[in-house]
Amino acid sequence: MLKRNATRAKVPKVSTEPTLYGLMAEFDDADALLAAAEKTRDAGYQKFEAYTPMPIHGLDEAVGYRGTRLPWAILVAGLTGAIGMFSFQTWVNLAAYPLNIGGRPLFSWPAFIPATFEGMVLLSAFAAVFGMIAACGLPRPYHPVFNAPNFERASVDRFFLCIEAADPKFELKRTRQFLESLEPLAVSTVDN
């Protein structure tokens, strides 16, 4: 007789509770948001973002935005397009299909300039469009901040500051107290 194992494999428990993305503070004034973003940065928070219906001068520095390498990618793509098109025309006229028309030289580089320019513009435009889409993380049909109360007003007349739970300094009670000390209209939790 075979002895059966009486113990069963334990099935991991699946949590249906939403995980916390962060805390969101709502402001009704651009100056209040700018001051809050500066205080948040000065308090040592690193992973936070501001959402506004319009550009606010100085806000990108306040949230610690460092810029992007997208201009460098566009420059490299433009130079690649220009060098590639110039090299292609040189190869075609000198090696692949040389034609001597009217005694002109085979390497007549001034005639290569318009196509060289077009190659540069084409590749730099592709790099700009697709690089911007990649840098912005688009398409993004869903983001956890969409769950925040009143967040639909971020594109109309409200200003929001969200500190992510992934921030090393994030602690729910202390972060909530900190955000409330900034005198927002409301502080709410944002679930994933």
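The values are calculated or read from the model by the stated rules, or taken from the named source; none is laboratory data. Note that the structure is predicted; figures quoted are calculated from it, not measured. Cβ: placed from backbone, ideal geometry, glycine included. Neighbour counts: every protein chain shown.
The table for this structure:
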| read-out | value |
| --- | --- |
| Residue identified as surrounded by 13 or more Cβ atoms within 10 Å (Cβ to Cβ), of a type outside the set (Val, Ile, Thr) and either under 17 Å from LEU33 (Cβ atoms) or modelled with pLDDT of 95 or more (or both) among ARG174, ARG158 | ARG158 |
| Number of positions in region 122-137 that are surrounded by fewer than 13 Cβ atoms within 10 Å (Cβ to Cβ) and part of a helix (DSSP H, G or I) | 5 |
| Any pair with Cβ under 8 angstrom, 6 or more apart, that starts in region 181-192 at a residue that is at negative phi and ends at one that is among the polar types (S, T, N, Q) | LEU182/THR40; ALA186/ASN150; VAL190/ASN147; ASP191/THR19; ASP191/ASN147; ASN192/THR19 |
| Verdict on PRO149 being in the same structural domain as LEU34 (by TED's automatic domain parsing), closer than 21 Å to GLU26 by Cβ, modelled with pLDDT under 95 and in contact with a strand residue (DSSP E or B) (Cβ under 7 Å, 6 or more places away or on another chain) | yes |
| Residue within region 73-96 that is in a loop (DSSP other than H, G, I, E, B) and either at pLDDT 95 or above or more than 30 Å from PHE151 (Cα to Cα) (or both) present | no |
| Some residue of region 86-97 being surrounded by 13 or more Cβ atoms within 10 Å (Cβ to Cβ), under 20 Å from the mean Cα position of the chain (by Cα) and of a type outside the set (Gly, Ala, Ser) | no |
| Residues of region 138-192 satisfying the condition of being of a type in the set (D, E, K, R), over 16 Å from ARG41 (Cβ atoms) and assigned to a loop (DSSP other than H, G, I, E, B) | ARG140, ASP157, ARG158, GLU171, GLU183 |
| Contacts under 9 angstrom Cβ, first residue in region 33-50 being closer than 13 Å to THR175 by Cα, partner surrounded by fewer than 16 Cβ atoms within 10 Å (Cβ to Cβ) and of a type in the set (Ser, Thr, Tyr), 6 or more apart | LYS39/SER181 |
| Filtered residue count, region 53-105, keeping only those that are touching a Ser or Thr at 6+ places or on another chain (Cβ under 9 Å) and under 30 Å from ALA35 (Cβ atoms) | 4 |
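Results for (1) closer than 16 Å to GLY22 by Cα; (2) touching a Lys or Arg at 6+ places or on another chain (Cβ under 9 Å); (3) of a type outside the set (A, V, I, L, M, F, W, C); (4) not assigned by TED's automatic domain parsing to the domain that holds THR80, shown as yes or no for each residue.
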position: SER124; (1), (2), (3), (4): no, no, yes, no
position: PRO168; (1), (2), (3), (4): yes, yes, yes, yes
position: ARG174; (1), (2), (3), (4): yes, no, yes, yes
position: VAL187; (1), (2), (3), (4): yes, yes, no, yes
